[in-house]
Every structure is written in C-alpha cells, then in structure tokens.
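Notes follow once the structure below has been shown.
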Amino acid sequence: MTTHRDPTRLRSHRWFGVNDLRSFGHRSRAKQMGFDRQDFAGKPVIGIINTWSDINPCHTHFKQRVEDAKRGVYQAGGFPLEIPAMSLSEPFQKPTTMLYRNLLALEVEELMRSYPLDGVVLMGGCDKTTPALVMGALSADLPAIFLPAGPMLRGRWAGQVLGSGSDTWKYWAKLRTGEITQEQWEGIEDGIARSPGHCMTMGTASTMTSAVEAMGLSLPGAASIPAAFSAHAQMGAATGREIVEMVWEGRTPGSLVTRESVADAVTVVLALAGSTNSVIHLLAIAGRAGVELTLADFDELSRRVPVLANLRPSGTYLMEDFYDAGGLRGLMARLGDLLHLDRPTVNGRTLGENLAGAQVYDDDVIRTPETALSTEGGLAILRGSLAPDGAVIKTTAATPSLLRHTGPAVVFDDYDDLAARIDDPDLDVTADSVLVLRGSGPVGGPGMPEWGMLPIPRKLLAQGVEDMVRISDARMSGTSYGTCVLHVAPESAVGGPLALVRTGDLIELDVARRRLELLVDPAELERRRADWRPPVSPYQRGYARAALSRMGQADTGCDFDFLEGRGGNPEPAIH
Ligand code: FES
Ligand code: MG
C-alpha cells in the first residue's frame, strides 16, 4: 500500500516535495498563506475550481459549498485550494454565454496544467459552465470530479407552481394578449426564482448535470439534489473525499469518458427530453475525449429511447419532484439495458453497481417504458437542402400536427430585423407561414444565441395561434418549447443555404422522414449564391475575433479547432 500511496509520485511533489531553490519558494509561500507542512506535505493537492460570482444567481451557494468540498478533502487526507474560474451567468452575460464556453474550458485546462494540482473538483451547473468545466478537465486529463450546483426549489405564485424559463415564456405571451395584468406579471417576477440553484425545469442546466453524472463524472445521485437541501452540502463533502481517492487511484476523466459513457449520456438526455443545447455540448465533450460522436448517433438513439421524465417543458413536474421521485438513479435504473452498466465511473464502481437498489417512488414523475411520455426520444436530426450538415428539433416540445408541414417562408435577416417587424400589423404572415431567422449561428450571432424560439407575431397570437414552424441557425433555451428547427448547419453567416432563402419560398418540414427542404429550383439557388456576399463581422479585435475565426459549426459542437482532443502540451517546467 505504501508504494501505491507514494507521495513522491504525486504531480505536486515536483513543486512541494523536492529539495531545491524553487520548492523552497513554494513551501515558504504556502506558509505565508498560513499553512504549515502538516497541511500539505505528501498530500494530494486538490484544486476546487469554483465558478462562483456575485453575478451568477445559480451559484450563490458555492461560497458555502466550496467549504463543504474542502471538508471532504481534508477528511480524506488531501490539501484543498479554491481556485476561482470565470463564471458564465446565463441570465446576465451577453450576447450569450455560449460565446464564452470555450474560453472557460481553455481557462480550466490551463489552470489545471500550470498549478501544482493532483486533481480537481469542478463546481458548476448554470448552463454552459458544466460543459466548459468538463471539456477543460478532459483536455488536461488530471483526476477530476464534477460537483453540480443542483436545481433551485419550485417557483410559486398565487397558488401556481412556476418553472424557470418555461413559465416566463408562457406568462409573457399571456401578458401580451392581456390575459394577465402587469401586477400579476410582477407577482410572477417575485415567485419564479426563490432559492439558490440553477433552473429547475429540464433546461440546459439539469440536462447537462444529468448527462455528466450519467457519463460517470459525478457521484451517483449528485445531479438531482436541490441546491438548498442539506443533502447537497453532504454531497459536496463526499465529492471532496472522492477526489482524493481518485488521485491515488489515478482515475482521470479520459479513462471514464468513452464511446459507451458518451452514448449513455445521450440516452439519458433523450429519456429526460433534455435540452437541445446538450447536442452541441456532448459533441464538443466527445471531441475533447477523442470519442467518435455524430448527429446521426443522436437520431439513432432517439428512435429507441423512451421519454421517462415527466418534467417541464415537455411534461408537468420540476426537479424537486424528480429528486423526491428517485432522481436520476431511479430513471437510469428504469433504462436498464439501454445503458452500458459495466463501465467504470468516478467512484471506481461500475454504473450498474451505482444503480443497485435505486428505486422510483412516483410513477407519474418518472414513468415506466410502458407509460412513457413518448416511445421515442425527444430529439430528431433533420437533413435536406436547407440543412446539408443537419439541424435539430425537439419533437416533444413541438406541436404534433406541425411536424409535417409545408409553408411559405417569412425571412428575418438578423435579430434586430426580427424585433423590428415581427409585431408589425402589416407583416404578411399567417399561421401556415414558416418563420425563418438567420444571422444567429456560431459566427453570425455570434455564439449562437438562444433566439430559436422566435416569437409568434402578435396579430396571430390574438387569433389564438400558439405555435408555428420556426427555423434558425440559433439555439433555443432548454426551457423553451414550440415547433422550432434549430442549429441549422452550415449557418447563414458562412454561406449555408439559409443565407439564400427569400420570403415566399416554400419550405418543407417532415420530421418522420427527417427532412428539411427548401423547395426552390437549384439553378435559382445558384444564381442567388453568385450574388451573396458574406456579412462583415463587427467583431474586429479581442476575444470574439479570435473565437469566431476558430469556432466550428453546430454539427461538430462549436469547439475551437485547436482545442479538440487532449495532449499536445508538455508538463510545465519548474525552474
Ligand atoms: Fe443558470 Fe438557468 S439561469 S441555469
Ligand atoms: Mg438556459
């Protein structure tokens, strides 16, 4: 055992354990911080990478949770150090947090590489923080465990249960048509977000934390615990204990994220009717792990994975109900053979071992395959002349009668154009029209903002129209709903066919056949292409300029080309 736990084999030994001029500096500076040899000598150094910030409402409890994680690290004989990283705050950061996902991933990777760390706890949860932390950790490939922020408690207003995002969209539409008053709208503002934690619908946050747990990078059960519950603090300490073990065992994310574990993450996302954003993030995560994953895999799995989670926006309940009903472990136990139960996870046990004894306590919240919300998964991948490299639709959030529809396009060149004209009483639009928004992809947006749930024109809302076919190169919030075709690739800004659509062109959507066709003569499209000029980006300096020149398209996960994969960087020299 002593050789197994040999501290001279720790990465941090090069900083603290040797006897030379530089290590004198490292030790004396650790002592300057109030530590002494007993704190660090021979112990795994655990970085706790914390995406807390005063402007991230989903991570307000992280100041306390980092202390819980440290407690666990100390219990297990490690030396914890909190290391803050950029916080990506979904509600506040513009034009979209997605523009900064790769920047956080880059920061995480470089923090892990440049400091004397043997392993890390990754603290995140608000939408893009989760994929960013995991992407960075995969590329650095030191032992890493993800501590999810956990969902906030149910929202409440006037006796109604409120869900993040989903009910914002719902009641905004009611305000616009006069079904609720301004005073009621303000009551909803008071009640919809009333505890620490991330969005508690099955939005991007819960989708991604669940996917990462399914992949085997969090302790079993972690993703479902509401942030405000005592169990969440206990999970923080357990995570701190586990990472110390992982260091001694040499369990890295690269050894856990395999073709099987990524497929299981996709399966879980489908069974949750999770956010469409997860398609992009899982493609990027797979790219970091060197695991093959394509849009076709999502479509293939979607045809056989039933939707078991009855959660908004596709269903009825919220994450607090999901936790009480047995949480992700309960759901995964019901997926059984659809998952790869023999593969390893962070705690050294197999997925099957982690699911042993998992139960479901409410069959309405977590359905059985026989009572599934849908016998197929919630996502479909479309292709055709309008999306040669693919597009995504969340079928469970769509109107069934619109899943096969042909209608004339009403085209908006960018978001400003949309905002200026969508509610114009003279806009030539009917319920059969197909609303098209371009200029909102990875390069054009920039960063693929969540504009894909285009608003229904006010005059149609007033006629009682609740849904229409909408198509864009944007993303959509995981809490959104409607018949929205998203992530059209290639995007318009790089010359995808979306750039060539004109108002009045017929567009055919046929989800059963997985088709999205622009019904325009190819010769006419060639004429239009000859006249097309790429838009000039207003981003001519700084991070955005670098990002937009190196960011991939939606069908490959929007990672920077130079960040895909791992390795290729030497361990830093210490002298
Ligand atoms: Fe942070 Fe929704 S705003 S998860
Ligand atoms: Mg969101």
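The values are calculated or read from the model by the stated rules, or taken from the named source; none is laboratory data. If you're wondering where the values come from, they're calculated on a predicted model, not measured in any experiment. Cβ: placed from backbone, ideal geometry, glycine included. Neighbour counts: every protein chain shown.
Here is a check on your reading of the model: is P400 free of Cβ contacts under 8 Å to residues at least 40 places away in the same chain and within 14 Å of V469 (Cβ to Cβ)? Spelling it out, P400 is indeed free of Cβ contacts under 8 Å to residues at least 40 places away in the same chain and within 14 Å of V469 (Cβ to Cβ). Taking the numbered list (1) away from ligand 1 (no atom under 16 Å from the Cβ); (2) surrounded by fewer than 20 Cβ atoms within 10 Å (Cβ to Cβ) in turn, K43 passes all entries but (2).
Can you report the number of residues in the stretch 198-232 which are of a type outside the set (S, T, N, Q), in a loop (DSSP other than H, G, I, E, B) and within 12 Å of ligand 2 (Cβ to nearest atom)?
So the first thing to find is which residues in the stretch 198-232 are of a type outside the set (S, T, N, Q), and the list is 198-200, 202-203, 205, 208, 211-217, 219-223, 225-229, 231-232.
Checking the rest, the ones that are also in a loop (DSSP other than H, G, I, E, B) come to 199-200, 202-203, 216-217, 219-221, 225-229.
Now narrow it down to the ones that are within 12 Å of ligand 2 (Cβ to nearest atom): 199-200, 202-203.
Count: 4.
When you check P497 against the structure, is it under 24 Å from the mean Cα position of the chain (by Cα) and of a type outside the set (A, V, I, L, M, F, W, C), yes or no? Judged against the criteria, P497 is not a match. Taking (1) free of Cβ contacts under 8 Å to residues at least 60 places away in the same chain; (2) on the phi < 0 side of the Ramachandran plot; (3) more than 16 Å from ligand 2 (Cβ to nearest atom) in turn, G178 satisfies each apart from (2). A single member of T371, T350 is closer than 30 Å to P220 by Cβ, surrounded by 16 or more Cβ atoms within 10 Å (Cβ to Cβ) and without any contact (Cβ under 8 Å) to a residue 12 or more places away in the chain, and it is T350. Restricting attention to the stretch 9-26, the residues that are closer than 24 Å to P143 by Cβ and part of a loop (DSSP other than H, G, I, E, B) total 5.
Results for (1) in contact with an Asp or Glu (Cβ under 9 Å, 6 or more places away or on another chain); (2) among the hydroxyl-bearing types (S, T, Y), shown as yes or no for each residue.
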residue	(1), (2)
S480	yes, yes
P490	yes, no
R502	no, no
L518	yes, no
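Here are some residues: S224, S278, S218. Which one is touching a Leu at 6+ places or on another chain (Cβ under 6 Å), under 30 Å from S195 (Cα atoms) and modelled with pLDDT of 95 or more?
Values: S278 fails: touching a Leu at 6+ places or on another chain (Cβ under 6 Å); S218 fails: touching a Leu at 6+ places or on another chain (Cβ under 6 Å).
Of S224, S278, S218, the one residue that is touching a Leu at 6+ places or on another chain (Cβ under 6 Å), under 30 Å from S195 (Cα atoms) and modelled with pLDDT of 95 or more is S224.
Within the stretch 70-88, track down each residue that is in a helix (DSSP H, G or I) and among the β-branched types (V, I, T).
Keep residues of the stretch 70-88 that are in a helix (DSSP H, G or I), which gives 70-75.
Scanning the stretch 70-88 gives a single hit, V73.
Within the stretch 337-360, the residues that satisfy the criterion of being farther than 21 Å from W248 by Cα and in contact with a strand residue (DSSP E or B) (Cβ under 6 Å, 6 or more places away or on another chain) are D342, V360. For the stretch 286-321, a residue qualifies if it is within 23 Å of G165 (Cβ to Cβ), of a type outside the set (D, E, K, R) and part of a helix (DSSP H, G or I), and the qualifying residues are F298, S302, M319.
Conditions tested, residue by residue: (1) under 19 Å from G203 (Cα atoms); (2) surrounded by fewer than 23 Cβ atoms within 10 Å (Cβ to Cβ); (3) of a type in the set (S, T, N, Q).
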residue: S275; (1), (2), (3): yes, no, yes
residue: S278; (1), (2), (3): yes, no, yes
residue: I285; (1), (2), (3): yes, no, no
residue: R288; (1), (2), (3): no, no, no
residue: D297; (1), (2), (3): no, yes, no
residue: E300; (1), (2), (3): no, yes, no
residue: N310; (1), (2), (3): yes, no, yes
residue: D321; (1), (2), (3): yes, yes, no
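Only a single item in (1) closer than 17 Å to P95 by Cβ; (2) away from ligand 1 (no atom under 16 Å from the Cβ) is not met by S477, and it is number (2). Annotation for the stretch 494-502: at least one member residue is within 25 Å of L106 (Cα to Cα), touching a residue at least 12 places away in the same chain (Cβ under 8 Å) and crowded, with 16+ Cβ neighbours inside 10 Å. What about D54, is it within 26 Å of P344 (Cβ to Cβ), away from ligand 2 (no atom under 16 Å from the Cβ) and surrounded by fewer than 23 Cβ atoms within 10 Å (Cβ to Cβ)? Criteria not met by D54. Scanning the stretch 62-121 for residues that are closer than 29 Å to G250 by Cβ and within 16 Å of ligand 2 (Cβ to nearest atom) gives R101, L104. Among the residues making up the stretch 34-52, those that are touching a residue at least 40 places away in the same chain (Cβ under 8 Å) and of a type outside the set (F, W, Y) are D39, P44, V45, I46, G47, I48, I49, N50, T51. A search for C-beta distances below 7 Å between a residue of the stretch 121-133 that is assigned by TED's automatic domain parsing to the domain that holds V346 and any residue that is part of a strand (DSSP E or B) and within 14 Å of ligand 2 (Cβ to nearest atom), counting only pairs 6+ apart in sequence or on different chains, returns G125/H198; C126/H198; T130/G124; L133/G124.
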